[in-house]
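Readers should treat all values here as calculations from the given coordinates under stated rules, not as data from a laboratory. Small disclaimer: the values here were computed from a predicted structure and weren't measured. We place every Cβ from the backbone using ideal geometry, glycine too, and count neighbours over all the protein chains shown.
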Amino acid sequence: MATLVGASVLVLASGAAPAAAEGVGPAPVDGATGGGDPYFPAAGNGGYDVAHYDLDLSYTPQTRALTAHATIEARALQGLRSFSLDLRDLDVSAVRVDGAAAGFTHRGGELVVTPVAPLRKRARFVVDVDYGGTTGQPADPTGALYGWISFPDGAFTGNEPDGASTWYPVNDIPSDKAGYTFTVDVPDGTVAVGNGKLTDQKSAGGRTTYRWQADDPQASYLAMAATGNYVLTTDRGPHGLPIINAVDADVDRAAAQAVLAKQPAMIAFYEDRFGRYPFGSFGAVVDDNDEPGYALENQTRPIYAGVPDESTVAHELAHQWFGDKVTPRLWKDIWLNEGFATYAEWLWGESTGGPSPQQQFDQAYATPAGDELWSVLPGDPGPADMFATAVYQRGAMTLQVLRTTIGDDAFAKVLRQWAGRDRDRPVGTDDFRALAEQVSGKDLDALFRTWLYTPGKPAAPAPA
Ligand code: TRP
Ligand code: ZN
């Protein structure tokens with residue numbers, strides 16, 4: 001379906017483009033306005049790859065006024081007469097490409113930019129976008145608040161899956177990772193937080209500007225900006241890893257501190273199993289606003305709506321390997337994030353005296369056959385059920401069945417090798433199955449077909 005969308009755009013473009021002079025390569029095209037994910041055909045774009053987003057955001061919580069400037073460094077993957085960025089709800093006042101004013105249209109969440117001259121294939125280019133407006137109440141396909149989520153005393157972002165475009169112009173697909181710089185200007189007394197490390201802070205004229213630098217390339221759904229009544233504290237993880245926590249002054253700070261103090265031990269525990277923590281910093285944002293009802297594994301800095309419990313922190317930390325570093329190309333493979341983070345929660349829980357993964361499995365397996373756990377397919381849940389229990393629980397159960405099928409040693413090796421994959425090569429379930437088959441020497445087709453893609457409660461797996 002996505003291929004069709006992309007193809008029709010290309011056909012239209014080449015039909016309308018001036019014929020290429022011989023020997024100069026194909027005529028420049030209009031870059032696709034979708035990124036090729038059947039769950040979210042309008043998210044993402046074609047024809048370029050972003051290297052860096054520099055986001056300059058000025059926000060006033062009381063009025064929800066956002067005035068912003070984005071500087072985007074990218075590289076053309078084809079000759080481009082025009083290209084698009086995803087941006088919803090906000091208004092664009094000017095666009096420049098390599099410093100020159102560019103033509104643009106902004107409709108239906110697509111900002112289509114036409115530079116004065118076409119971009120050559122492989123050319124590096126810089127896009128500047130001036131934009132802003134009053135932030136709204138965007139909701140994701142499950143109906144939950146997402147994107148830029150405003151509260152009376154601040155705002156935080158939860159982009160997953162396609163909400164980044166509610167606050168910045170973006171190539172909103174998980175496979176186009178980029179570095180980020182956030183320069184966030186807020187009224188004095190409000191604190192702003194982004195991914196990565198705080199590199200500057202200055203006050204003038206009743207406003208304070210915070211600069212955060214996120215050098216480890218990250219998917220757009222993991223980009224984060226939060227503004228609120230936060231207190232920043234720092235801690236150290238293994239190998240001197242900087243841990244920067246932002247805890248809302250209005251939550252039970254002792255309770256928050258008690259759970260966040262476990263992060264270094266959790267990182268060490270996962271490092272033993274999954275390999276070195278993949279990024280240059282970590283930490284949490286704990287906000288007092290619990291309305292979104294979920295936590296999110298933003299790269300280096302998960303966000304919690306209210307003081308989290310220990311298993312939630314263990315879950316979001318595990319995502320740094322499973323999802324943030326090793327990232328699915330398509331949203332249908334969301335179980336590669338949620339099933340794995342849930343399984344990691346089980347491992348951490350067991351290490352602190354809780355039930356074993358097999359006991360967790362047995363308890364979940366007791367769920368009656370008519371339950372939604374058995375009807376939603378973890379391997380292709382559909383956009384409205386991306387965060388259904390089946391994706392988390394049946395996903396983690398799939399891993400436990402794999403473990404009993406291939407044995408503890410092979411399973412440990414599979415997890416470690418999976419977590420060790422290159423962050424820039426997006427993955428799919430077939431890649432995971434291929435790895436598990438290669439490590440175990442077993443044909444695992446039926447196992448994955450039954451547990452991920454077949455409706456109904458699977459027969460009890462044979463004991464190991
Ligand atoms: N990925 C998040 C986590 O598991 C969960 C999440 C994101 C979510 N968006 C959601 C859950 C919307 C429910 C509804 O940590
Ligand atoms: Zn999760």
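Using a ≥ b ≥ c from the Cα gyration tensor of region 177-336 (square roots of the eigenvalues), is it rounded, prolate or oblate, where a/c under 1.5 gives rounded and otherwise the larger of a/b and b/c decides, a/b for prolate?
It comes out prolate by the Cα gyration axes.
Where the eigenvalues come from the Cα gyration tensor of the chain, what are the semi-axes √(5λ) of the equivalent ellipsoid, largest first, in whole Å?
After diagonalising the Cα gyration tensor, the semi-axes are 37, 30, 19 Å.
Compute the length gained on full extension between Val126 and Ala65: take 0.36 nm times their separation in residues and subtract their Cα-Cα distance, giving the result in nm to one decimal.
19.4 nm
Once the Cα atoms of region 79-221 are picked out, what are the Rg and Dmax in Å?
That works out to 16.3, 47 Å for Rg and Dmax.
Bin by bin, in steps of 10 Å, what percent of the Cα pairs in region 267-407 do you find, going until the bin that has the longest distance?
Spelled out per bin, shortest first, that is 12, 39, 38, 10, 0.
Quick one: Cα centre-to-centre distance for region 213-236 and region 347-397, in angstrom?
Here the two parts' Cα centres lie 29 Å apart.
Between Asp408 and Asp445, what is the label-to-label distance in nm when each label sits 7 Å out along the Cα-to-Cβ direction?
For the pair Asp408/Asp445, the computed spacing is 3.2 nm.
Fewest Cβ neighbours within 10 Å first, please rank Arg425, Arg207 accordingly.
Lowest count first: Arg425, Arg207.
Sorting Val286, Val326 on the 10 Å Cβ count, fewest up front, what's the list?
Placing the least packed residue first, the sequence is Val326, Val286.
Taking 30 Å as the cut-off for C-alpha to C-alpha distance, list the pairs among Lys325/Lys457; Lys332/Lys457; Lys262/Lys325; Lys332/Lys442 that go past it.
Listed pairs above 30 Å: Lys325/Lys457.
Kindly list the residues of region 244-278 that lie in the label zone of Thr234, defined by a backbone N under 17 Å from the point 7 Å along the Cα-to-C-beta vector.
244-247, 264
Would you calculate the separation in nanometres between label points at Thr454 and Ala268, each defined as 7 Å from the Cα along the Cα-to-beta-carbon direction?
Distance between label points: 4.4 nm.
Among Leu77, Leu198, Leu87, rank each residue by its count of other Cβ atoms within 10 Å, from fewest to most, as a rough exposure measure.
Leu77, Leu198, Leu87
Once you compute Rg and the Kirkwood Rh from C-alpha atoms, what is the Rg to Rh ratio for region 321-360?
Reported Rg/Rh, Kirkwood definition of Rh: 1.10.
Taking 1 over the mean of 1/r across every pair of different Cα atoms in region 371-423, what Kirkwood radius in Å do you get?
12.3 Å
With a cut-off of 13 Å, note down the residues of region 268-290 whose backbone N falls inside the zone around a label point 7 Å from the Cα of Asp252 toward its beta carbon.
Nothing falls inside the zone, counting backbone N under 13 Å.
What FRET efficiency comes out for Val116 versus Asp215 if R0 is 25 angstrom and r is the Cβ-Cβ distance? Round to the nearest 0.05.
My answer for the efficiency is 0.20.
Taking N as the number of residues in region 246-340, what value does Rg over Cα atoms divided by 2.2 N^0.38 Å take?
1.08
Once R0 is set to 30 Å, what does the formula 1/(1 + (r/R0)^6) return for the Cβ-Cβ distance between Glu310 and Glu73, expressed as a FRET efficiency to the nearest 0.05?
With R0 = 30 Å, the Cβ-Cβ based efficiency is 0.15.
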